[in-house]
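The values are calculated or read from the model by the stated rules, or taken from the named source; none is laboratory data. All values reported here derive from a predicted model rather than from experimental measurement. Here the Cβ positions follow ideal geometry from the backbone for every residue, glycine too, while neighbour counts run over all protein chains shown. Keep in mind that these areas ignore ligands, DNA and RNA; they rest on the heavy atoms of the full protein, side chains included. Shrake-Rupley method; radii C 1.70, N 1.55, O 1.52, S 1.80 Å.
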Amino acid sequence: MLSGWSWIIYAVPIALSTYSCTDEQLKACGHITPESSVLAIGSQFIAFCTLNETCIDLFKQNASHIIWKSKATEIPEEKYTVINQTTSSVTLNVSSSFESPLTCSFRVYGQIEQTLHGIFFTLGLPPDKPEYLTCIVYNDDNLTCTWNPGRPTFLPTNFTLKHQWAEERHNWSMKINRLLYKKSQRNQISRSTGKHPDCIPVGVNNSCTILEPHFQFFVDTWIWVEAENALGKARSDSLTVDPVNIVKPNPPVIEKVISRPELPYALKIVWENPLDKTVMDLKYNIRYKASSSMNWAKVPEEDTATYRNSFTLQDLKPYTEYVISLRCRNKNGSGYWSDWSKEKSTVTPETKPIKGPDLWRKIGDFSQGNRHVLLKWKKLEHSNANGVIKGYTVAILKKRPPVLTFDTTETNYTVNLTKDACTVMLTAHNKAGTSPASVLTIPAMGFKELPSVTNITTFVKDNQLWVEWTAPNESDVKRYVIEWHTNSNSTIEWLQESSRSRCTFLQGNIMPLKRYRISIYPLYRDGHGRGRSIEAYLKQGPPTEGPSVSTRKVGKNEAVLTWSQIPVNYQNGFIRNYTLFYKPNNGNESSVTIDESRTEYTLTPLSGNTQYMVRMKAYTDSGGTDGPDFTFTTLKFANGEIEAIVVPVCLVFLFTTLFGALACFYKRALIKKYIWPNVPDPSKSNIGQWSPQIPTRNFNSKNQPYPEGSFPDVSVVEITADDKKSFSEQDIKALDPLKKEKSTSEGHSSGIGGSSCMSSPRQSVSDSDESESAQTTSSTVQYSTVVLSGYRDQQPPAAQTFARSESTQPLLDSEERPEESPAPESLPGGDSAVQSNQYFKQNCSQAETIAGELDVEHPRQDLHPINEEDLVKLNQLQASDQSFQFSGVWPVENQLEVSERDIVHTNPEGHVGMKLESTVLNAAANEEPKCYLPQTVRQGGYMPQ
């Protein structure tokens with residue numbers, strides 16, 4: 001392969017060597033023939049490329065090395081033909097995609113392509129034969145011919161209109177006719193050859209106009225068209241025609257239209273003809289119409305088949321504006337009709353009205369001997385008025401004279417008439433005369449109405465609302481009155497129809513979506529028949545608004561819904577039905593169809609205590625419209641359901657209360673026994689038998705044993721033993737009476753009202769003199785303490801008492817929680833410590849204080865040895881003491897912490913001793929011994945009875 005510089009080195013001498021210099025001229029190495037510049041699309045084209053022998057020798061190339069190209073596209077080699085060493089040809093099928101230029105070339109040294117020669121060409125088509133040649137002579141001014149030029153050629157194509165006289169028809173008779181018609185200068189045309197200049201179209205290729213004097217009437221002329229371009233020539237068929245037979249005259253010009261008062265039904269037209277009769281005999285078409293009409297009326301052709309310049313139109317309507325136009329053509333029927341002339345209009349004269357106005361009435365109520373009657377009539381239509389109506393005359397004829405006459409320019413008149421029948425006559429007049437009278441009979445009061453029409457129906461046709469009826473059986477109906485009005489407008493429109501009519505359409509501005517009420521009255525000679533009515537729409541549509549739903553009554557499983565009829569102005573049609581849509585909250589929507597006549601509906605079944613959303617849709621023949629949504633909630637209980645629950649419950653409660661009251665009444669003793677037991681009489685208590693050594697003392701409960709604010713202190717008896725065997729059987733037996741007394745008093749202690757120091761607080765009953773104590777007893781903690789006498793040889797205290805405490809002080813912690821009390825220390829001289837058992841408790845509010853005072857004020861008494869008999873009795877007493885409690889008493893052991901030295905002392909001999917302490921207040925030291933019966937010691941307490 002050659003490098004870049006090698007290409008330049010070889011290319012320059014090759015480019016210079018492709019031309020040889022001979023006689024100082026450059027000559028190409030090759031040449032293409034033929035050098036055609038135009039190629040026909042669809043044809044086959046063969047081109048030849050011939051090489052110079054000089055180039056063959058110089059480049060060592062021949063015709064077999066030639067390459068053909070269409071523009072930049074190489075043509076396939078199978079289309080090449082090598083004719084000899086110097087000539088190569090190519091065969092091409094010319095199409096619209098074939099591109100210029102066409103070149104031949106070869107490659108120098110097998111690498112550089114060198115173009116030898118090229119030609120440029122244009123593609124196109126030869127002209128088609130012109131067809132459909134027609135010619136028209138417009139009046140006598142020019143001859144215009146048109147033709148079909150055929151398909152596009154894509155090349156400049158020339159069309160030429162040619163014409164020539166027929167030689168055999170040249171004769172002197174024709175010359176004479178032409179001399180009569182043509183002007184003198186037209187005779188200067190040479191007719192020896194019968195040839196005329198060609199007509200070449202300008203700007204078009206399908207028509208050409210030959211101006212006068214290059215054509216002649218009454219001479220047959222040959223006319224044809226020629227088309228020519230670079231690819232060929234074509235000629236149309238010849239048309240032979242006499243120009244006088246292809247004339248289209250200019251339209252006539254209407255000069256004036258004449259109307260005469262004595263001829264109100266006629267108009268005279270005067271016009272100017274486009275051609276003189278000597279040139280062409282013409283005939284005419286005349287048309288006319290009322291200005292308000294869309295349809296033309298024509299004069300029969302036989303009435304205008306001769307040459308003229310005026311014509312009189314007849315049978316026209318008086319006082320009507322007419323529009324008139326006409327045209328003309330050759331009388332023999334050859335040639336063409338001229339265009340219609342410019343329209344001319346005028347008004348026919350007036351004449352008297354041909355009929356009276358349509359008359360109707362509206363009769364009011366009878367009051368004060370008169371009837372208020374409104375007479376109303378229609379304006380005469382233009383076709384019946386025959387002029388301008390100047391006024392109306394109303395005449396009222398009664399059974400008795402005079403005749404009432406009124407003149408007015410209005411279309412209504414109000415008159416007061418009696419109850420008798422009368423006849424109303426109405427006439428209209430213009431400047432030409434008076435119309436016939438319209439007659440209407442006003443029947444007398446109580447007049448029986450005559451038969452009415454039947455089978456009234458309505459329909460829509462051609463966007464008009466028609467009404468149809470069946471006539472009454474009576475044949476003396478004079479005419480019919482049709483009334484109509486909308487429900488929203490009180491103005492009543494009406495019209496009259498003849499007795500032969502069975503249907504008519506409502507005139508005026510009939511609007512869609514409006515409901516019209518139509519009434520028909522037959523009119524007889526003696527009065528009118530009963531009116532029949534019907535409602536109709538010109539066009540229906542969906543309602544403007546839907547009905548609004550509300551609830552009249554709501555239950556648990558049903559709801560009574562009500563709605564109002566949609567106003568007629570918003571219905572836009574006849575309501576055919578309602579559809580009620582209802583949907584529970586978070587549920588599916590359901591619907592029900594309801595008749596259009598209903599305004600209430602019971603919706604069932606529904607779910608209780610559920611919110612529902614409802615809406616109603618009203619339907620006409622053209623669709624429906626939804627009303628607003630409405631929401632309601634059903635009741636949780638149905639009507640009477642609450643009463644069904646409450647009444648039985650109340651009855652049960654009532655009967656239960658009644659039976660309970662009866663039971664309490666009849667079982668009051670049993671109830672009192674368990675709920676309000678009798679409180680035992682403390683005065684009958686045998687608690688005093690606990691200490692037989694001290695006689696019982698009777699006293700009056702009202703005599704206080706102690707002065708106000710002074711009461712004996714409480715003594716505590718505590719027994720401590722380290723061994724049951726220390727007591728002798730004799731000692732135990734000695735305690736049996738005490739045990740028995742304790743057991744006996746146990747049954748009565750409950751009657752004291754919880755007077756034991758260990759008992760629970762109970763409400764006690766006081767006497768009538770101590771009512772104040774009853775209010776505080778429930779919060780009072782009462783204690784009782786038994787004070788025993790000394791054993792055997794011990795001397796009892798000077799005053800031994802059984803005292804009752806009314807203390808309201810709460811229990812001490814050691815009393816409420818005995819498990820927290822500290823265990824006493826082991827007794828000296830024993831093997832193990834024995835827990836101290838406390839059977840009695842001193843006054844709870846002063847327990848610790850009194851214990852201290854005992855140690856200070858009262859010296860200890862010497863302990864005496866306890867023999868085995870005493871020990872046995874003590875053990876028995878201790879054992880029985882676990883079950884022996886006053887009524888409501890709980891164990892008092894471990895409830896009050898007592899010093900060990902105050903409880904047990906051991907003598908040197910090893911005997912266990914029991915200590916008995918008795919302390920009294922100084923204020924009562926000298927008093928006589930008290931009884932064992934519990935006494936009231938505080939103000940506000942009570943004395944058991």
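Can you work out the FRET efficiency for the pair VAL679 and CYS650, with r the C-beta to C-beta distance and R0 = 56 Å, to the nearest 0.05?
0.90
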**Complete:** Expressed as a whole-number percentage, the relative contact order of segment 30-124 with C-alpha contacts under 8 angstrom and at least six residues apart is 37 percent
**Request:** Holding the Cα-Cα limit at 25 Å, pick out from LYS162/LYS277; LYS298/LYS342; LYS553/LYS617 the pairs that are longer than that.
**Result:** LYS162/LYS277
**Residues of segment 86-116 with amide N under 18 Å of the 7 Å Cα→Cβ point at GLU78** = 89-94
**Fill in**
Rounded to the nearest 10 Å², the 1.4 Å probe accessible area of GLU321 is 80 Å²
**Message:** Taking 0.36 nm per residue of sequence separation and subtracting the Cα-Cα distance, how much length would be gained by fully extending the chain between THR470 and ALA669, in nm to one decimal?
**Reply:** 61.3 nm
**Request:** At a 1.4 Å probe radius, which order do TYR521, TYR666, TYR322, TYR336 fall into by accessible area, largest first?
**Result:** TYR666, TYR336, TYR521, TYR322
**Asked** Which semi-axes, in whole Å and largest first, does the equivalent ellipsoid of segment 541-664 have when worked out from the alpha carbon gyration tensor as the square roots of 5 times its eigenvalues?
**Response** 46, 13, 9
**Length released on extending from ILE136 to GLU535, taking residue separation times 0.36 nm less the Cα-Cα span** = 137.3 nm
**Fill in**
Net charge near ILE492 (other residues with Cβ under 11 Å of its Cβ; Lys, Arg +1; Asp, Glu -1) is +1
**Asked** What is the distance, in nm, between label points placed 7 Å from the Cα along the Cα-to-Cβ direction at MET613 and at TYR570?
**Response** 2.1 nm
**Asked** How much of LYS331 can a 1.4 Å solvent probe reach, expressed as accessible area in Å² and rounded to 10?
**Response** 90 Å²
**Prompt:** How much accessible area does ASP462 have with a 1.4 Å probe, in Å² rounded to the nearest 10?
**Reply:** 120 Å²
**Among the listed pairs LYS355/LYS514; LYS352/LYS379; LYS379/LYS478; LYS69/LYS233; LYS376/LYS539, those beyond 25 Å (Cα-Cα)** = LYS355/LYS514; LYS69/LYS233; LYS376/LYS539
**Request:** Would you please give the FRET efficiency between SER293 and THR599, computed as 1/(1 + (r/R0)^6) with r the Cβ-Cβ distance and R0 = 35 Å, to the nearest 0.05?
**Result:** 0.10
**Message:** With the crude spin-label approximation of a point 7 Å out along Cα→Cβ, what separation in nm comes out for TRP340 versus GLU643?
**Reply:** 9.0 nm
**Request:** Pull up all non-local amide H partners of ALA444: gap of 5 or more, or a different chain, and H-to-H distance under 5 Å with H placed in the peptide plane.
**Result:** ALA421
**Message:** Give me the net charge for the shell around LYS419: Cβ to Cβ below 14 angstrom, other residues only, Lys and Arg +1, Asp and Glu -1.
**Reply:** +2
**Fill in**
Counting sequence-distant residues (5 or more places) and residues on other chains, those with an amide H built under 5 Å from that of VAL108 are GLU113, GLN114
**Request:** At 7 Å along the Cα-to-beta-carbon direction for both GLU410 and GLU321, put a label point, then send me their distance in nm to one decimal.
**Result:** 3.1 nm
**SER37, SER519, SER96, ranked by accessible area, largest first (probe 1.4 Å)** = SER96, SER37, SER519
**Complete:** Rounded to 0.05, the calculated FRET efficiency for the beta carbons of LYS514 and LYS419 at R₀ = 30 Å is 0.20
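Quick one: which of 75-81, 225-231 comes out on top by average Cβ neighbours within 10 Å, and what's the full order, highest first?
Top of the packing list down: 225-231, 75-81.
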**Asked** What ³J(HN,Hα) values, in whole Hz, does the Karplus curve 6.51 cos²θ - 1.76 cosθ + 1.60 give for segment 457-469 when θ = phi - 60°, with x put for Gly and Pro?
**Response** 9, 10, 7, 10, 9, 6, 6, 10, 8, 9, 10, 10, 8
